[in-house]
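Shown next, in C-alpha cells, is the structure this report addresses.
The values are calculated or read from the model by the stated rules, or taken from the named source; none is laboratory data. The structure presented is a predicted model; accordingly, all values stated were derived computationally and were not measured. Cβ coordinates were reconstructed from backbone atoms using ideal geometry, including for glycine residues, and neighbour counts include every protein chain displayed.
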Amino acid sequence: MHTDLVAALDIGGTKIAGALVDGGGGLLLRAQRPTPARQDGETVMRAVEEVLGELTASPLWGGVGAVGIGSAGPVDATAGTVSPVNVPGWRDYPLVARVRAAADDLPVVLIGDGVAIAAAEHWQGAARGHDNALCMVVSTGVGGGLVIGGRVHPGPTGNAGHIGHISVDLDGDPCPCGARGC
C-alpha cells in the first residue's frame, strides 16, 4: 500500500483545520471545526477527533503514512504535549498520544504553528529559495519559525522562533492565559 499522503492538523484558538495532503503539497480533502477554546480539554479534543473522523472516513485515508500537527503554543514536541495560551483547558495536554489513538496508530509529529508555517513557506511559499527566514504568526500571541542555512529549525521542543505572548497593558482586558492586557 502506498503511504504518500500526510494528514495535517492546524490547531488554533479559533479553528481546528485538517487536510489530506499529497507529496507535492496539494490539498486533497479539508475538514474544519471551530475550537471550543473556553471549554474543558476533552471538549476541545472531541473537535479534533471530529476533524480526524472526516479525514479517516475518506477512501484516501489508506494512503496516509503520518499525521503532522502544527499547534498554537507553546508545545512540547518531546513530550507530545500542548499548552496553548488561548486554549486554557489544554495545559500539558497529551495531544500526540490522543491523535495517534484516533488516527489508527500512525506516526504523529508535533511542532509549533510558527515552525509549521516556516516549513511550508520554505517549501512552497515566500521563503522558497532562501537560506534564512523568520516566519511569523500574529494571533493571540506572536509565534514564529526559523529557517537557518536552508533548514527549518524547530528547536528541542518544537518552538524555536516563537516570539511570545506578553502583557502590554497590566490594566487591560482579561486574557484566556490568566493575565491582563495581552
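Data table
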| item | result |
| --- | --- |
| Complete set of residues in segment 70-108 that are outside any loop (DSSP other than H, G, I, E, B) and either aromatic (Phe, Trp, Tyr) or surrounded by fewer than 18 Cβ atoms within 10 Å (Cβ to Cβ) (or both) | Tyr93, Ala97, Arg100, Ala101 |
| Tally, over segment 122-143, of residues that are buried (at least 19 other Cβ atoms within 10 Å of the Cβ), out of contact with any helix residue (DSSP H, G or I) (no Cβ under 9 Å at 6 or more places or on another chain) and either at pLDDT 95 or above or part of a strand (DSSP E or B) (or both) | 1 |
| Ala47 on the phi < 0 side of the Ramachandran plot, touching a strand residue (DSSP E or B) at 6+ places or on another chain (Cβ under 6 Å) and not charged (D, E, K, R) | yes |
| Failed item in (1) touching a Leu at 6+ places or on another chain (Cβ under 7 Å); (2) closer than 14 Å to Gly73 by Cβ, with Arg180 passing the rest | (2) |
| In segment 144-173, the residues that are in contact with a strand residue (DSSP E or B) (Cβ under 6 Å, 6 or more places away or on another chain), at pLDDT 85 or above and either outside any loop (DSSP other than H, G, I, E, B) or under 18 Å from Val87 (Cβ atoms) (or both) | Gly144, Gly145, Leu146, Val147, His153, Thr157, Gly158, Asn159 |
| Members of segment 1-48 that are of a type in the set (Asp, Glu) and surrounded by 14 or more Cβ atoms within 10 Å (Cβ to Cβ) | Asp10 |
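Residues checked against (1) touching a residue at least 40 places away in the same chain (Cβ under 8 Å); (2) touching an Asp or Glu at 6+ places or on another chain (Cβ under 9 Å):
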residue	(1), (2)
Arg100	no, no
Asp105	no, no
Asp113	yes, yes
Gly125	no, no
Asn132	no, no
Gly141	yes, no
Gly149	no, yes
Gly164	no, no
